[in-house]
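The values are calculated or read from the model by the stated rules, or taken from the named source; none is laboratory data. Please read all numbers here as calculations on a predicted model, not as lab measurements. Heads up, the Cβs are rebuilt from the backbone with ideal geometry, glycines too, and the neighbour counts pull from every protein chain shown.
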Amino acid sequence: MKVLVGSFTTESNSKTPYKTTIADYDIAFGQKLIDVMEIESAYQSEDVEIIPGVYANANAASVIEKDTFLYIESLLLKKIAEHLHELDGIYLHLHGASYVDEIGSGDHHILREIRKITGPYVPIAVSCDPHGNLTKEYAESIQILRSYRESPHTDAMDTRRYVSKLLCQLIKNRQNIHSVYRKIPLILGGEQSVSADEPVKSINRFMDDMEKDSRIMSASWHVGYLRHDCPEAGCGIIVVPATEEDQQYCEKKADELAQYVWDKRHEFHYTGLTAQPDEALTMALEFEDKPFVITDSGDNTTSGATGWNTYVLRQFMNVEHLNKTVLFGSIKDEEVYKKLQNLSKGEQLHVSLGADKDKLSIPVEMDVEVISHSPIYISHGEVLIGTKGHGVLVHVLGTTIDIIVADQTARVTNESQFESFGINWKNYDITVLKQGYIFPDFKHGSKGYVMSLTDGATPQDTKHIPFKLIMRPMYPIDEI
Ligand SMILES: [Zn+2]
């Protein structure tokens, strides 16, 4: 038996002032695709052969150029058409939060185009990020659809293998089933739906219990994605029946799960401490232990922001008699990076750090000394899966501040990304990260942390984002 495997990941933040192009993608084919998706063991144990399709990952990015998207999509469609005569199923990892110029959701477009080739019955299983947008049409065109439970996504790779196994089992025991979807008129940010916290913890428990029922193959809840305006936005739930006979039963269970989530809408809240930027700065400066972490939530590069805001840097540069050591991981400035990239450790230079693209990336004049160079590693959960771009760690002369200057948007979510620069972030009093909710390494490794409610491409005040295309009424924009 043979399953074609592919992956497309792009989170399109429409506030990011440039387009995502082909150069922004990590692309893999063949064995490299199988390795990077970490799914081989699932198929081996079921004795199913993998046909590698296309893997394309731009991670948290911006709106995708139409030609770029159509090119990537065509590679996948071509593979499917080529192997159609021997395929028993298709497994895709589709993040769910892409947006393409003139097209809209790329994920949804891919599925529609695949169904034009395969027709409705070839089993398709999709694993996805809960921060993606779904629709009834999309869900019903897929036999199996399941998202990660945990946010941050520590169960990402396990979920891919789990969905792969479910697909193999369906292929061996064919059932005419499809996913059941319910849209919930609720729009949430990722920072209000951390899984270590309520109400997500209870929702996950509720779904784990549902999955113990032999009539239910899987149950999942989707937070949705709100960094671009689109009709698909909002929360949803998915229930996958085990057999054709269970389809009706799962319709009923889907209503129950949707109601359960809806009833908890008032319980979603920011996890951990949040504070306005000035207050967050004071908390960090007055914290008596170390290490302390500030997350710069308006410039959250894990949700598509650029990573070039210098607002928090300017806050610290303006502190008189700063006596705490501060590490910025990182600030994107391609031009300054170019000036520093060939300097050796100990060499000094005057730079104007800040991309100067908007009111938040205002440059800061400084003399810096090079400490070290490193590629920027990309991590998925705990695992480092490659590199994207480079950084140079500098010390700002006359201050206690060190900064990683990156040539691209960097997502520092894992402490080993600092180790590659030869430093231990825990030796600093304060570390500033371009994240919203704090990632596990830093949560567990710090003595205190705060999410600074900074301005930027990823603002936290959901209620006041000016949506035009979403379904209404929608809580909390509408009081329902
Ligand atoms: Zn996510």
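Per-structure values
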quantity	calculated
Residue in segment 272-324 that is farthest from A61 (Cα to Cα), counting only those that are within 16 Å of the ligand (Cβ to nearest atom) and in contact with a Gly (Cβ under 8 Å, 6 or more places away or on another chain)	T295
Residues satisfying the stated conditions in segment 433-452, i.e. more than 19 Å from the chain's Cα centre (by Cα) and either surrounded by 23 or more Cβ atoms within 10 Å (Cβ to Cβ) or not polar (S, T, N, Q) (or both)	H444, G445, K447, G448, Y449, V450, S452
Residue match in segment 359-367 (condition: in a strand (DSSP E or B) and at positive phi)	no
Every residue from segment 154-175 that is part of a helix (DSSP H, G or I) and either over 17 Å from M1 (Cβ atoms) or in contact with a helix residue (DSSP H, G or I) (Cβ under 6 Å, 6 or more places away or on another chain) (or both)	A156, M157, D158, T159, R160, R161, Y162, S164, K165
Meets criteria (in contact (Cβ under 8 Å) with a residue 24 or more places away in the chain and more than 16 Å from the ligand (Cβ to nearest atom)) for P152	no
Scope segment 115-139; condition assigned to a strand (DSSP E or B), of a type in the set (V, I, T) and more than 16 Å from the ligand (Cβ to nearest atom); matching residues	I124
In segment 301-322, the residues that are modelled with pLDDT under 95 and either closer than 18 Å to T431 by Cβ or part of a helix (DSSP H, G or I) (or both)	T301, T302, S303, A305
Scope segment 83-115; condition touching a helix residue (DSSP H, G or I) at 6+ places or on another chain (Cβ under 9 Å) and basic (K, R); matching residues	R112
Of all residues in segment 365-413 being surrounded by fewer than 17 Cβ atoms within 10 Å (Cβ to Cβ), hydrophobic (A, V, I, L, M, F, W, C) and under 30 Å from D35 (Cα atoms), the one that is modelled with the highest pLDDT	L384
Yes/no for A219 being touching a Phe, Trp or Tyr at 6+ places or on another chain (Cβ under 7 Å) and within 30 Å of V36 (Cβ to Cβ)	no
Residue among I362, I331 that alone is in the same structural domain as S416 (by TED's automatic domain parsing), touching a Ser or Thr at 6+ places or on another chain (Cβ under 8 Å) and in contact (Cβ under 8 Å) with a residue 60 or more places away in the chain	I331
Looking only at segment 267-289, and only at residues there that are in a loop (DSSP other than H, G, I, E, B) and of a type in the set (D, E), the one that is farthest from H321 (Cα to Cα)	D289
Among the candidates A196, A258, residue that is farther than 28 Å from M451 by Cβ and out of contact with any helix residue (DSSP H, G or I) (no Cβ under 7 Å at 6 or more places or on another chain)	A258
The listed residue being on the phi < 0 side of the Ramachandran plot, more than 16 Å from the ligand (Cβ to nearest atom) and more than 16 Å from the chain's Cα centre (by Cα), out of E38, E65, E102	E65
Test: V351 is outside the structural domain of H153 (by TED's automatic domain parsing), of a type in the set (A, V, I, L, M) and assigned to a strand (DSSP E or B)	yes
Filter result for H395 (in contact with a His (Cβ under 8 Å, 6 or more places away or on another chain) and assigned to a strand (DSSP E or B))	no
Condition check for S151: touching a helix residue (DSSP H, G or I) at 6+ places or on another chain (Cβ under 8 Å) and at pLDDT 95 or above	no
Odd one out for P241, checked against (1) more than 16 Å from the ligand (Cβ to nearest atom); (2) crowded, with 22+ Cβ neighbours inside 10 Å; (3) farther than 22 Å from Q169 by Cβ	(3)
Given (1) more than 15 Å from the ligand (Cβ to nearest atom); (2) in contact (Cβ under 8 Å) with a residue 60 or more places away in the chain, index of the condition V223 fails	(1)
Those residues of segment 139-167 which are buried (at least 24 other Cβ atoms within 10 Å of the Cβ), hydroxyl-bearing (S, T, Y) and more than 23 Å from Y270 (Cα to Cα), in sequence order	S164
